[in-house]
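J.: Let me give you the structure first, and then I'll get to my questions.
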Amino acid sequence: MPENVTLLVGTNKGAFFFHSDAARKEWRMTGPHLGGWEVYSLLGDSRHGRRIYAGTSHFVYGPTIRVSDDLGETWTELETSPRYDKESGFKLERIWQIVPGHASQPDTLYAGVQEAGLFASHDRGTTWSEITSLTAHPTRPSWFPGAGGLCLHTILVDPTNARRMWVAMSAVGVFRTDDGGQTWTVCTKGLPGVPTGMPDDGVGRCVHKMVQDPHDPDTLYMQFHGGVFTSTDAGDSWTPIENGLPGNFGFPMCITKSGALFLIPLDSDERRYVPEGRIQVYRSTDRGASWAPVGSGLPQRPEYVGVLRDAMAVDSLDSPGIYFGTTMGQLFYSPDEGETWNQIPAQLPRITTVKTWVTD
Amino acid sequence: MEIEVTLPGLLRDSVDGPYPLRVAGTTLAEALEDLLDRHPRLRVHLYDEQGQLRPHVLLYFNEDNIAWLDPLATPLRPGDRVHVLQAVSGG
């Protein structure tokens, strides 16, 4: 069966989709979709037909989820999007992440939001409810926002255990549930604290992005605010893996189905652009033990850009494609696991999220 | 009494049916209530979790900001209009 690759790109002024085949040489763009809305999260979901979920928000009009069942031709705003109860005292400002539930729960979706919290839908997005056990965690009074806001930006559902899940929040840390979301364990041992001015009760750890090893569900990798880390005990403890990196600050991280890791270091937390204006992807093929720059074809002229935490992705083809978008709206892709890079000829708004969707 | 309601373009996909919208009531308060009853997806865009009008959303009744009116004491008359506007924001 021929495979189609769709690149779902969210920006601060709408979404753009790019369509190709397995060769990933020619791309056809559609969009802007949802023009004027910030699109911080996108999900292409093939579990029941083909549906795209978009987490849309606007600083005036707030956040909701919109869906399209025709690749963006038409959109419908959900009747009921994630929303905090009045009694919670929390405000929902953005929807940072929408992910499918475990394979055994084909109607389930999770949404990570700002201000930080986790919502679940068990009816394909028709209704949503907050998983209140997370925001009821005793550390909640110490949760403190990073520069991007107090956001829950990463949700990892363990493919081997439907009851185990990790979430990551900035600038809070990693939390794990082993009981389907009833209780949460803080998983920050070994991660340095960042100055939040709050008591250090295990949180105040500024996780930027986290991925799970495809071969070992207990192994996680993380791009931290100042550091790159791994855990081999499901997040109970973390150790640095920075050998070969030019610095330890950055935002995105992604992993292929073979276990190759990719990240893009930035200069520092004060500058937040690529070092010396040179976009450079780093790859590790030994579970983070060593890193090396990879690939040709990225711009050689100065490009003082950043790459946001959710703006890098891999596809699921046998020769994995790697994709990332910059804060200046450039979109780059590699069809050969980072060896060669090309720029999609379009200048988009600030890219907030890049997701891939492979369909038959 | 039915009156007309206009929306910013970004909110047009949050309502169904003919546009401009028509809502009914005898007072401005009833008209606003009817607006959210008929078009419930608007609520999240206009009001925050505490039920407060979002800071950069303006509701105008004809030429007047509703913030300076008493909606319960404002009767509707033929030709009245409610306008949902975005307060000037940014550059």
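J.: Could you check A:Gly35 against (1) out of contact with any His (no Cβ under 9 Å at 6 or more places or on another chain); (2) surrounded by fewer than 19 Cβ atoms within 10 Å (Cβ to Cβ); (3) more than 14 Å from every other protein chain (Cβ to nearest Cβ) and say which number it fails?
T.: (3)
J.: From the set of residues in region A:333-360 that are free of Cβ contacts under 8 Å to residues at least 60 places away in the same chain and of a type in the set (Ser, Thr, Tyr), which is surrounded by the fewest Cβ atoms within 10 Å (Cβ to Cβ)?
T.: Step by step, filter region A:333-360, then rank; the result is A:Thr340.
J.: Shifting gears a bit: Tally the residues that are at pLDDT 95 or above, more than 14 Å from chain A (Cβ to nearest Cβ) and within 23 Å of A:Gly72 (Cα to Cα), restricting the search to region B:1-17.
T.: 0
J.: Select from region B:51-68 the residues that are assigned to a loop (DSSP other than H, G, I, E, B) and open to solvent by 70 Å² or more (accessible area, probe 1.4 Å) and write down the one among them that is nearest to the other protein chains (Cβ to nearest Cβ).
T.: Within region B:51-68, the first condition is being assigned to a loop (DSSP other than H, G, I, E, B), and the residues that meet it are B:51-52, B:54-56, B:62-63.
Then keep just the ones that are open to solvent by 70 Å² or more (accessible area, probe 1.4 Å); that gives B:52, B:55, B:63.
Values: B:Gln52: 10, B:Pro55: 8, B:Glu63: 21 Å.
Selected residue: B:Pro55.
J.: Count, please, the residues in region A:290-316 that happen to be out of contact with any strand residue (DSSP E or B) (no Cβ under 8 Å at 6 or more places or on another chain) and open to solvent by 50 Å² or more (accessible area, probe 1.4 Å).
T.: First, pick out the residues of region A:290-316 that are out of contact with any strand residue (DSSP E or B) (no Cβ under 8 Å at 6 or more places or on another chain): A:300-305.
After this cut, where a residue has to be open to solvent by 50 Å² or more (accessible area, probe 1.4 Å) as well, the list is A:300-302, A:304.
Residues in region A:290-316 being out of contact with any strand residue (DSSP E or B) (no Cβ under 8 Å at 6 or more places or on another chain) and open to solvent by 50 Å² or more (accessible area, probe 1.4 Å): 4 in total.
J.: Restricting attention to region B:31-42, report how many residues are buried (at least 17 other Cβ atoms within 10 Å of the Cβ) and more than 14 Å from chain A (Cβ to nearest Cβ). Break it down stepwise before answering.
T.: So the first thing to find is which residues in region B:31-42 are buried (at least 17 other Cβ atoms within 10 Å of the Cβ), and the list is B:31-32, B:34-35, B:39, B:41-42.
From what's left, more than 14 Å from chain A (Cβ to nearest Cβ): B:31-32, B:34-35.
The qualifying residues number 4.
J.: Could you check how many residues of region A:118-147 are over 22 Å from B:Glu49 (Cα atoms), of a type in the set (Val, Ile, Thr) and open to solvent by 70 Å² or more (accessible area, probe 1.4 Å)?
T.: Matching residues across region A:118-147 total 0.
J.: For region A:58-81, which residues satisfy the criterion of being touching a residue at least 40 places away in the same chain (Cβ under 8 Å), closer than 17 Å to A:Leu109 by Cβ and more than 10 Å from chain B (Cβ to nearest Cβ)?
T.: Listed by number, the residues that qualify are A:Ile65, A:Val67.
J.: Condition first: open to solvent by 20 Å² or more (accessible area, probe 1.4 Å), in contact with a Cys (Cβ under 7 Å, 6 or more places away or on another chain) and modelled with pLDDT of 95 or more. Now tell me which residues in region A:224-240 satisfy that. Steps first, please.
T.: Initially, region A:224-240 is screened for residues open to solvent by 20 Å² or more (accessible area, probe 1.4 Å), giving A:225-226, A:232-233, A:236-237, A:239-240.
Checking the rest, the ones that are also in contact with a Cys (Cβ under 7 Å, 6 or more places away or on another chain) come to A:225, A:236.
A:Asp236, the sole residue that qualifies.
J.: Name every residue in region A:90-123 that is within 14 Å of chain B (Cβ to nearest Cβ) and either in contact with a helix residue (DSSP H, G or I) (Cβ under 7 Å, 6 or more places away or on another chain) or not in a strand (DSSP E or B) (or both), in order of residue number.
T.: A:Phe90, A:Lys91, A:Leu92, A:Glu93, A:Glu115, A:Gly117 - these are the residues of region A:90-123 that are within 14 Å of chain B (Cβ to nearest Cβ) and either in contact with a helix residue (DSSP H, G or I) (Cβ under 7 Å, 6 or more places away or on another chain) or not in a strand (DSSP E or B) (or both).
The values are calculated or read from the model by the stated rules, or taken from the named source; none is laboratory data. Predicted, not measured: the structure shown is a model, and the values here were computed from it. FYI the Cβ positions are ideal-geometry reconstructions off the backbone, even for glycines, and counts take in every protein chain you see. Each accessible area value is taken on the protein alone, full model and side chains, heavy atoms only, with ligands, DNA and RNA left out. Shrake-Rupley method; radii C 1.70, N 1.55, O 1.52, S 1.80 Å.
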